[in-house]
Amino acid sequence: MTEPISKMDVACGCSGNPKFDGVDPAYKRVLWVVIFINAAMFFVEMSAGKLAGSQALQADALDFLGDALTYGLSLAVIGMSLKVRSTAALVKGLSLLLMGLWVFGSTVYQIFILGVPSAQIMGLIGLLALAANLASVLLLMRYKDGDANVRSVWLCSRNDAIGNVAVMIASVAVLVTASAWPDLIVAIIMAGLFLRSAQLILVQAWQELRSGEDTGALDNHGHDHTQ
């Protein structure tokens, strides 16, 4: 049975991040590379999303941003007290809440416009995003067996890849139907994931701040990996 994984933030809409107590320098270097990949993909995918008029791409871009912030916060609080780590988790949860509300609000606005996004750009960038997440998985693969928290990062990247596939499926549906609805539906689903993850993180972080104990069955992205 997998040992409980402590709080620290969610992801990605999906998302999972390690608790870095005792991590080695090689792992930190790998994590910095993963942070760079996620940050770079945020800018690439957000720009492409605006160019293509795709809400799903912009939502997926925010997922990359959420992961980059999560990993960065985890690095920043290495070895610090539970109170500091729980406070960082609150910050992460609030940021995810804002991301989810932005995606939901902007998507609802687009419903009244219904401009058809570029299916070609959606598919191409969705494929690039999938490659970026798979690269992160491969970089972290060697560490996943020795650390339950590191394993949660791998699981987060795996779950993020599902979002990338959803974007690519939406791009095909947009191409076939010449409709904006597949893009908007995927964006709404991703907004829901952001909001659910934010709820899980905020509740757990608040409980830990009040009790002073790690309540931990969630990874840093609001995923339950205790099974």
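Looking at the range 25-211, what % of the alpha carbon pairs are farther apart than 22 Å?
47
Report the Cα centroid-to-centroid distance between the range 58-110 and the range 111-142 in angstrom, as an integer.
Answer, in whole Å: 19.
Lysine pairs, Cα distance under 26 Å, 8 or more residues apart or cross-chain: how many in the range 25-211?
Summing the qualifying lysine pairs gives 6.
Computed from the coordinates by the stated procedures, all read-outs in this text should not be read as laboratory data. No experiment lies behind these values; they were computed from the predicted model shown.
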